[in-house]
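Values in this text are rule-based calculations from the coordinates and carry no lab data. Please read all numbers here as calculations on a predicted model, not as lab measurements. Cβ coordinates were reconstructed from backbone atoms using ideal geometry, including for glycine residues, and neighbour counts include every protein chain displayed.
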Amino acid sequence: MKTPLVAIRKVSKSFGEFQALRQVSLDIWPGEVVCLIGQSGSGKTTLLRCVNQLTSIDSGGIWLDGELLGLRERGGRLHRLNEVEIARQRLKCGMVFQRFNLFPHMTALENVIEGPVQVQKRKASEAKLEAMELLRRVGLAEKANSYPSQLSGGQQQRVAIARALAMKPELVLFDEPTSALDPELVGEVLAVMKELATSGMTMLVVTHELGFAREVADRVVYMDQGAIVEAGPAKDLLTAPREARTRAFLAAEV
Amino acid sequence: MSNAPALAEGFPDLSSLKVAREPHWGRWLTAIVILAIVAAIGRAFAQGQIEWSYVGRFLTAPVIVQGIVNTMVMAVLAMALGILLGIVVAIMRLSPNPVLKSVASGYTWLFRGTPLILQLLLWFNLALVFPTIGIPGVWTARAVDLMTPFLAALLGLGINQGAYTSEVMRAGLLSVDIGQYEAAQAIGMGRLQALRRIVLPQAMRVVLPPLGNEFIGLVKATSLASVIQYPEVLHNAENIYYANSRVIELLIVAGLWYLLVVSILTPLQMLLERRFARGIARGGR
Amino acid sequence: MARLSFFIGLLALASLASVQAAELPDAIKQAGALHLTVNSTYAPMEYRDPASNELTGLDIDLANELAKRLNVKIVWSETAFAELIPALQTKRADFIISGISDRTSRRETADFVDYLVTGPQFFVLAENEAKVATDLCGKKIGTTRSTSFPAEIEKWSKQACESAGKPAAQYVPGENSIDVRNQLKQGRIDAAVQGSETLPYAQAQETGKYRIVGEPISIGYQGIMFRKDDATFRETIASELKAMIADGTYKVILDKWGLGANAVREPLLNAAPQ
């Protein structure tokens, strides 16, 4: 019996009065591309951030590669892991942010090797070779020595993807990767993501780009008010959704 | 026929007329008045009972030059200590650990809440409270041997400066977009590593201009160390006028040196500001 | 007969007038008060009584007596020692009676009516081993840097130490006499120098804490300091002082402060040798 790469079981999270996630459960299988869609405030970004523990959960559990995230069960009670252990667990996920979050005081190359060298303690020369390869893969080899401020939004996001890949993660999380881009730059990023999907990377993508979801995603999950309304194969859900709410959302998005 | 839009009648063609320069009589008048006042003040000083020969004679006296050197040395060292403490305390203040947070707040409260001159006097006279300092059995020293005017001034000025610098640093750290910290976490960095590699370098660009300002203030604050016998320029100027009673003349000498130093530092400070003020947006070096 | 009595009357009036004219400068007569400024950190000459915070001291008593005899009030102000001479020069003060030594270097712009014998004196903590002044050669000696004492220490060190083959004394500056005693207590300095007039008071304050070593290293005078162009006024004050010495009031005041031994026989003009 295969195990899912990510197993989310009855996860809840509130921010003060506002309940962002209500007992959400979901499996992500290795090699899958899953798109999370829904309105803002539906909990999709919160769910994403819970997977790499940028946001901590209130109850329930998330297992990554069979390991419970952020918590240790002992004698029927749950204890939070310390900072060092959480950081180690994060190494298995890469994350690409909506606002790229490249380190402005480093070149593209330096951004990409920062994790491998500083965190994984790998040799700089080795890391640089791999980084150049990754930059080539995202189509930015000639921009290796450019600073983020010298790059367009689309270029920065592609460097961010290379940076996430440099850590050799088992899955890459995308938080609305193209929402902050000018329309003419969206395509180049989606192309890279498509290539990544084709190469077999497990991807969890929060996005509004339904065209991308239709083309690339294996499954689409529609969330509303902190819960999963409907989940299913991308083509099925997007063309013939079963739930009325899903239908209403998709109609509005077009 | 041209594609220009149709125009109504009745509006003259002004395109060949030039706009006359304004005479700005008001400004001329103000300028003359101010110049007259400045000239009058200058004349009063020139005719006043100041023996300018003494000013000239002592301006480059070895003990005065040594004094301003000591001033600058102390300012630089105290600023370095202040920045170091400021960074540490700011990080403590932003820590999730409530103990560290309280200690940091306490330090800032204590050293911003008391006058600098009081702190200098306390450091210098520490031996009245602790005659010996050290670890019993390992190493002890007499407090007076340890607490020289130099060390007392350095500790007094540096630790006081640290309390102010920590607030600047804290603002700087908070000014860095939280996304930077999250991106660092996302590649597996712990809090301190993220601070050190990603957040602090970006914060430094934001804090460098206000720190430059603080440094200029510190240069002048070193004059307080004169009361604990640190031989900076004011102290040495005082010694001269204690002997020859030329109070105003020697104070002018010291004042001129301070003016010189600050006049050099201020444009440097403005350069710093221009280079780094938009550092975050510009990225790069 | 009438002409004689008229003449005598005129003479009497004239002499009275001349005496009156020699009395006080116009500004003081108009104000009906002397403006005096002191550096009130110098017990027992002038200081603020710790209990009542009132301005008190030997100089205060002498000045009050002088003012009484001249029929004027005193308006007191306080300032740092280094500001005393400027206060005189800018006429903020009519004269300075504030434990200030008569010195040749100060006579460029002022004249002194010497009224008290003084001299820089070594003292140490009671438990210190020094017995005679030369025991202090090579040691750290502190004093208030704004006084003439640093120069005195250097001179003494050359004469008594270096010329005898002993190491020179090391001068350590202090901000004021309290600061100096603080440094002595902490051990930053081995000995201190203060005017001999201050030591009976210091010893009374902290009995058994200090011990005087040797004799004053030079003899000088405390002087009442006047502007050079104020000769007439200076003479007036000097003669009043002379009267106070003659009728014993002076000695009473000095004895009150334990300084009977520092009395002068009569007020001297610019008499200090250094």
Residues meeting the amide H criterion for C:THR118 (H placed from the backbone, H to H distance under 5 Å, 5 or more places apart or on another chain) are C:GLY220, C:TYR221, C:GLN222
In the neighbourhood of B:LYS101 defined by beta carbon distances under 13 Å, the net charge of the other residues (Lys, Arg +1; Asp, Glu -1) is +2
Under the Karplus relation with 6.51, -1.76 and 1.60 and θ = phi - 60°, whole-Hz ³J(HN,Hα) for the stretch A:34-40, x at Gly and Pro, equal 10, 9, 9, 10, x, 6, 5
In order over the stretch B:169-178: 3J(HN,Hα) from phi, Karplus 6.51/-1.76/1.60, θ = phi - 60°, whole Hz, x for each Gly or Pro, gives 5, 4, 4, x, 5, 5, 6, 6, 3, 5
Expressed in nanometres to one decimal, the distance between label points 7 Å along Cα→Cβ at B:LEU110 and B:ARG43 is 5.8
FRET efficiency for C:LYS29 and C:GLU78 from the Cβ-Cβ distance with R0 = 30 Å, rounded to 0.05, comes out at 0.75
Most exposed first, judged by fewest Cβ atoms within 10 angstrom, A:SER12, B:SER2 run B:SER2, A:SER12
Expected integer from the mean partner chain Cβ neighbour count at 10 Å over A:93-105 is 6
Expressed as a whole-number percentage, the relative contact order of the stretch A:37-176 with C-alpha contacts under 8 angstrom and at least six residues apart is 29
Sorted on mean Cβ neighbours within 10 Å (highest first), peptides B:136-145, A:243-252, B:103-112 come out as B:103-112, A:243-252, B:136-145
The rounded separation in angstrom of the Cα centers of the stretch C:87-151 and the stretch A:164-212 is 85
In this structure, among A:LYS123/A:LYS143; C:LYS131/C:LYS242; C:LYS91/C:LYS185, pairs with alpha-carbon gaps over 30 Å are C:LYS131/C:LYS242; C:LYS91/C:LYS185
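How large is the helix-only mean residue ellipticity at 222 nm for chain A, computed as the sum of -39500 (n - 2.57) over DSSP H runs with n ≥ 4, divided by its residue count, in deg cm²/dmol to the nearest 500? Walk me through the intermediate numbers first.
Values: 9 runs with 90 residues, N = 254.
The helix contribution divided over chain A gives -10500 deg cm²/dmol.
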Chain C, Gaussian network, Cα under 10 Å: of C:SER163, C:SER101, C:SER196, the residue fluctuating most is C:SER163
Of all DSSP beta bridges having both residues in the stretch C:121-206, the percent classed as antiparallel (nearest 5) is 30
per DSSP, antiparallel bridges as share of beta bridges in chain A, % nearest 5, sits at 60
Protection proxy (average C-beta count within 10 Å per residue), highest first, orders B:154-165, A:47-58 as B:154-165, A:47-58
Note, C:LYS68: beta-carbon cut-off 12 Å, +1 each Lys/Arg, -1 each Asp/Glu, net -1
Expressed as a whole-number percentage, the relative contact order of chain C with C-alpha contacts under 8 angstrom and at least six residues apart is 27
Length-normalised contact order of the stretch B:85-218, Cα under 8 Å, at least 6 apart, in percent, tallies to 28
Between A:GLN39 and C:ALA168, the two model label points (7 Å from Cα along the beta-carbon direction) sit apart by a distance in nm of 8.9
For the B:ARG196, B:LEU77 Cβ pair and Förster radius 30 Å, calculated FRET efficiency rounded to 0.05 is 0.80
Rounded to one decimal in nm, the spacing of the 7 Å Cα→Cβ label points at B:LEU84 and C:LYS158 is 4.4
Rounded to whole angstrom, the alpha-carbon centroid of the stretch B:102-133 lies from that of the stretch C:179-251 at a distance of 35
Taking chain B, the whole-percent share of alpha-carbon pairs separated by over 37 angstrom is 40
Across A:GLY200, A:GLY31, A:GLY61, the residue with the highest GNM fluctuation in chain A (Cα network, 10 Å cutoff) is A:GLY200
Evaluated at 20 °C and 1.002 mPa s, the Stokes-Einstein D of the protein assembly as shown based on the Kirkwood radius over Cα pairs, in µm²/s, stands at 62
Which of B:MET72, B:MET189, B:MET204 fluctuates most in a GNM of chain B (C-alpha springs under 10 Å)? That residue is B:MET189
Given backbone amide H placed at 1.01 Å from N, residues whose amide H is under 5 Å from that of A:LYS168, ignoring those fewer than 5 places away on the same chain, are none
For chain C, longest principal axis from Cα atoms; helix C:231-246 axis from its Cα atoms; angle between them, nearest 10 degrees, is 80
Per-residue Cβ contact counts at 10 Å, fewest first, order C:HIS35, A:HIS79 as A:HIS79, C:HIS35
Expected vector for the stretch A:126-133, Karplus 3J(HN,Hα) from phi with 6.51, -1.76, 1.60 and θ = phi - 60°, integer Hz, x for Gly and Pro, equals 4, 4, 4, 4, 5, 5, 4, 4
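Translational diffusion coefficient, Stokes-Einstein: compute it for the stretch B:44-181 using the Kirkwood radius over C-alpha pairs as Rh, at 20 °C and 1.002 mPa s, and state it as an integer in µm² s⁻¹.
Rounded to a whole number, D works out at 118 µm²/s.
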Here the tail fraction of P(r) beyond 21 Å, over all Cα-Cα pairs of the stretch A:146-241, rounds in percent to 36
Expressed as a whole number, the average count of other chain Cβ atoms within 10 Å around the Cβ atoms of B:225-235 is 2
Here the whole-number average of other chain Cβ atoms within 10 Å per Cβ of B:122-130 is 3
So for R0 = 22 Å, FRET eff. of A:SER149-A:GLU195 from the Cβ-Cβ r, to 0.05, ends up at 0.25
Sorted by chain and number, the residues with a modelled amide H under 5 Å from that of C:GLU78, at a separation of 5 or more or across chains, are C:VAL38
Ratio for the stretch A:25-95, C-alpha Rg to 2.2 N^0.38 Å, reads 1.17
